[in-house]
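To keep things clear, I will list the structure first and then write my remarks on it.
The values are calculated or read from the model by the stated rules, or taken from the named source; none is laboratory data. From a predicted model like this one, the values you see are computed outputs, not experimental measurements. Here the Cβ is made from the backbone with ideal geometry for all residues, glycine too, and neighbour counts use every protein chain on show. The protein model used for the area step is the full one, side chains on, heavy atoms only, and it has no ligands, DNA or RNA in it. Shrake-Rupley method; radii C 1.70, N 1.55, O 1.52, S 1.80 Å.
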Amino acid sequence: MSATGDLFSTHARPEAPREDLLRGLNAAQVEAVTHDSGAMLIVAGPGSGKTRVITRRIAWLARNRHVDPRRILAITFTNKAAREMRERVAQILPEASRAWISTFHSMGARILRREIEILGGYTRDFTIYDTGDRQSVIKRAIQDSDYDVTRFKPAVVGGWISNWKNQGYEAPEDADVARVVADEESGDGALETEVFTRVRKRYEESLRASNALDFDDLLVKVLELFERHPGVRDAYAERFEHLLVDEYQDTNRVQYRIVRHLGSRYGNVAVCGDPDQSIYGWRGADIQNILDFERDFPGCRVVLLEQNYRSVNTVLKAAQAVIERNSQRKRKDLWSERGDGERIAVLECENEQDEGERIAEKILSLRREGVKAKEIAVFYRVNFLQRAIETALRLARIPYQVVAGTEFYERREIKDLVAYAKLAVNPRDDVAFRRAVNTPARGIGDKSLEQLQRFAADRRISQLEAARSTELRSQIRGRAKGGLESFAGLATKLGEIAQLPAGLALRGILGLIDTAAWYSEMATEQDVDREANVEELVGHADAYEEDVLARRANGEEVRGGLPGFLEEIALVSDADALEDDTDRVTLMTLHAAKGLEFPVVFLAGCEEEILPHVRAIRQAEEGSDAESGIEEERRLFYVGLTRAADRLHLSHARSRRTFGEWSFRSPSRFLSEIPKQLLSGAPPEEDELVVLGAFEPPPQIPDLAAGDRVEHDHFGRGVIETLQGRGVNARATVRFPAHGTKTLLLQYAKLKKIGSASR
C-alpha cells in the first residue's frame, strides 16, 4: 500500500521572524529570493552566495508566501551541503526546516522506502549496496554466465551497467551499447554487448532476490515508479508546490527527468548552478540540462549572481580568462570588493619529490606568518600525485588530512559489523550473509558455501533461509554443519535487534559475536586499532539517533533507527569526511574540492596529460565530441582556482615518475591561458617532449623509418608517423592506438621494431 496518503496534511503557518530576510543581500540575490512563482534559472558564479539565496528563499516562501514548508523540496548534491542548508534555514526560520532538504539519492531512498512495494519484488527494508557489494554480485554474475573475470573485470562491467542506468535505461542493447562498452584493444563490440546484456540481467535478478538496490537504483527506481505509476508521480508533484535544485549543472538525464516530473503540477522549479563548474560528465552529468533550461521552461526568469564574496580579484581574473575559452557556457563576469590580492605563484619543480618539498616549504612559511593549517588545501587531479605530497608533509611534520569519506567504511572491521546490521534489517541480503556467516570463522569452507548457494538458488530462497534449512544442513559435513546451525540461531536474534536505536543495535550485535576471535583474526604486525574504529562507528550511531530526535522535535520527517543509520552511511561521500574542527592541511582531489573554499590553495600537477587528463587530450586528437573533454578539464581547473580566497599556488614538475619510469613533462596549457601579469614565476612557453624510459643510454638505437610498426614497454604497439633530429636529439612521433600520439626521444624510448613500413 502506498504511504503517500498520510503525508500531505498541513499545519499552522509559521509566524514571521524578527530578522529581515533580505538584509545583507545584493540586488541579484534579492531578485532570486523574492521571485514569486514560475520557473527560475539562477546562474551562480563560485563564491556568489548561492546557499544563502536558497536558504533565504525557503524561508521567504514559508513566511511571505505562506507556503507550508513541507511542500518545499530543496535538493543539493552532498550530505554536507544538505546538512548546512538545514541548519541555516533553522537559524533563520525554525519552522521552515521542515522542508525536504536532501541530496537526490537521499530523496530517492526516502520516496522508495514508502513506495517501492508498488514495483513488486521489494520491501521497504531494502539494502543499499555500495561499490564493493556491487562488484561482488557482478563478479558472481560474470562467473555464472561463463565469462572470464580476468578479461571482463567486475569494476568495468559495473561501470557499463551504471552508465546504462544513468542514461535512464535509454541505451538500446545493440550496436550503440557495443560502441559504449567495447574494449579498445579487442574492438569486439558484439561480444561486449553480449556480456553487458547477460551479466546485467543476472545482476538485476540477484539484486531483486536480495531485496537490494545499488546507488544508481535510488534514482532510476524513482523514475520507473513515476513513469509506470502516474498516480504516485502526481501525488508527489501535488505535494511539492516549490522545487529548488542546487548544482543543476551536475544533474544527469535521470535526475533531469525526475525534476521534470516533480515540477509538472505547479511549474515552480528554481534551479541554481554554473555551467562553468560542470565537472562530472564522466559519471553521467549532462551540461545541456542547465544550458537548455530556458528552452525547457519558456519564459523562465534568469538571475545572474556575479558578485563573488570569497576570492580576491587576481584569482577571479585568472579564472575568468581561462574559462572564457570554453564554448559551452553562459556568460557572466565575476567581480569582488576584496581587492586584487597577491599575484598567483607558479612553482616550477624538478620532479614530484621537489614539488612535494616546495609545497611543504611554502606551507611552513605560511604557518610562520600565522596562517592556520586548516586554512590551507592541496588539490590534485589524480590520486597518484598524493604520495609525494604526503611524504613531504610528514617529513616536515605538517599535520594533514586526506579527504576520502568512504575510506572509513571500507575498513574490514567496519564492513563486517555493517554486514551483520544489514542482515538484521534485511534477511534476504545475500552479500551481507556471505560476509557475516564466517566472521569470525565458523569452519564453513568455500565448498560448503557453494553447496549452500546452489541450494538457495535452486529453491529461490535467500542464503540465510537456506542456512536455516535442516535439509541443507543434513547434506553438510564436519565443522561447517555446526557452524551453519550456530549462525542460523544467531541470525534469529539479529531480527530482534533490528528495531532498536542504531547505537544499541550495534552494541547488541557485538554482544552476539565472539569479538575476541574476530579481532584476533584481523590482527597484523602493523595493525590499526580496530576496536577504536568499531567504537567510533557505534559512537557515530549514537550521535545519529540524537540528531534524529532533535529533528523530529522540530517537526521533520526522519526515519531513524538501525535502518535509517544504514541508509545514512550508505550515502556518504568524500566531501562529508572533511573535518572542519581540526587544524590540519587538507589534501583532496579536484573533484572532491567542489563546493569548498580555503584561504590558501595549492594546485599540484599542472601538467599536460595530468590536467588536462590524457584521456581528454586523446579524445580531442581523435575528434570525438570535438573539444568537450578538454572543456570539462578546463572547468575542473577553473573550479580549483576559484576555491582560493586569498592566495593561490600552481605547481608543475619538469619530470615525474609514472608507471615506474621517468617522463619529462610539459606545463599545462591552462597555465598559459592565465594573463602573465597575474602570475609570479610563469612557466616557460616552449613545449617539452614526452620522454619515457630510464635515464641511461640504451644499448643501441634501432634503424627506424616513418610507417614502421614498433612496440613500447608501456604504450604497447604503434606506428611511427614522423622522425626528426639526429643522434641524442633523434625523436619519433608514434601513434599508439591505446594511448594516442606521443613524441619520444629514441635514446630513452627503447622502441622495438616489429614491422617495416613496406610490409
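Tell me what the chain gives for mean residue ellipticity at 222 nm when only DSSP H runs of n ≥ 4 count, each as -39,500 (n - 2.57), the sum divided by the residue total, rounded to 500 deg cm²/dmol.
-13500 deg cm²/dmol
Quick one: net charge of G508's neighbours, Cβ under 12 Å, K/R +1, D/E -1?
My count for the surroundings of G508 gives +1.
Percent of Cα-Cα pairs per 5 Å bin, from 0 to the last occupied bin, for region 412-459, please list those.
5, 21, 27, 24, 18, 5, 1
Working from the alpha-carbon coordinates of region 377-476, get Rg over Rh, Rh being the Kirkwood radius.
Using Cα coordinates only, the ratio equals 1.25.
Test of understanding: what is the full-extension gain from M522 to K447, defined as 0.36 nm times their sequence separation minus their Cα-Cα distance?
24.7 nm
Sorting check: for 202-208, 339-345, which peptide has the highest mean count of neighbouring beta carbons within 10 Å, and how do the rest follow?
Result, highest mean Cβ count within 10 Å first: 202-208, 339-345.
For a 31 Å ceiling on Cα separation, which of these pairs sit above it: K165/K422; K332/K372; K221/K447; K676/K750?
Table pairs above 31 Å Cα-Cα are K332/K372; K221/K447; K676/K750.
Just going by the charge dipole of the chain, with Lys and Arg at +1 and Asp and Glu at -1 on Cβ, which of Y400, A319, G231 is farthest out on the positive end?
G231
What distance in nm separates the two pseudo spin-label positions at E535 and A27, each 7 Å out from Cα along the beta-carbon direction?
Taking the simple label geometry, E535 and A27 are separated by 5.9 nm.
At 1.4 Å probe size, with the rest of the protein present, what percent of the exposed accessible area of the chain is carbon and sulfur atoms?
Whole-percent figure for carbon plus sulfur exposure: 46.
How do 599-606, 717-724 rank on mean C-beta neighbours within 10 Å, highest first?
Sorting 599-606, 717-724 by mean packing, highest first, produces 599-606, 717-724.
Relative to the Cα centre, what is the charge dipole magnitude of region 41-135, using +1 at the beta carbon of each Lys and Arg, -1 at the beta carbon of each Asp and Glu, and rounding to the nearest 20 debye?
Using only the charged Cβ atoms, the result is roughly 540 debye.
Would you please give the FRET efficiency between N383 and H229, computed as 1/(1 + (r/R0)^6) with r the Cβ-Cβ distance and R0 = 56 Å, to the nearest 0.05?
So, using R0 = 56 Å, E works out to roughly 0.85.
Please state the relative contact order of the chain as a whole percent: Cα pairs under 8 Å, 6+ residues apart?
RCO, the chain: 14 percent.
Grab the Cα-Cα distance for Q499 and R394, subtract it from 0.36 nm times how many residues apart they are, and report the gain in nm with one decimal.
Using 0.36 nm per residue and subtracting the Cα-Cα distance, I get 33.3 nm.
Would you compute, for the Cα atoms of region 292-395, the largest minus smallest coordinate along each principal axis and list the three values in descending order, in whole Å?
59, 32, 23
So with the 1.4 Å probe, I'd like the accessible area per residue for the chain, rounded to whole Å².
That works out to 43 Å² per residue.
Any idea what the dipole of the chain comes to, in debye rounded to 20, about its Cα centre with Lys/Arg Cβ at +1 and Asp/Glu Cβ at -1?
760
Please name whichever of W518, A553, A543 sits farthest to the positive end of the charge dipole of region 507-558, dipole taken about the Cα centre and charges placed at Cβ: Lys and Arg +1, Asp and Glu -1.
The one lying farthest along the dipole's positive direction is A553.
Can you list residues from other chains, or at least 5 along the same chain, whose modelled amide H is less than 5 Å from the amide H of I101?
A74
Among 378-385, 508-515, what's the highest-first ranking by average C-beta atoms within 10 angstrom per residue?
Top to bottom by mean Cβ count within 10 Å: 378-385, 508-515.
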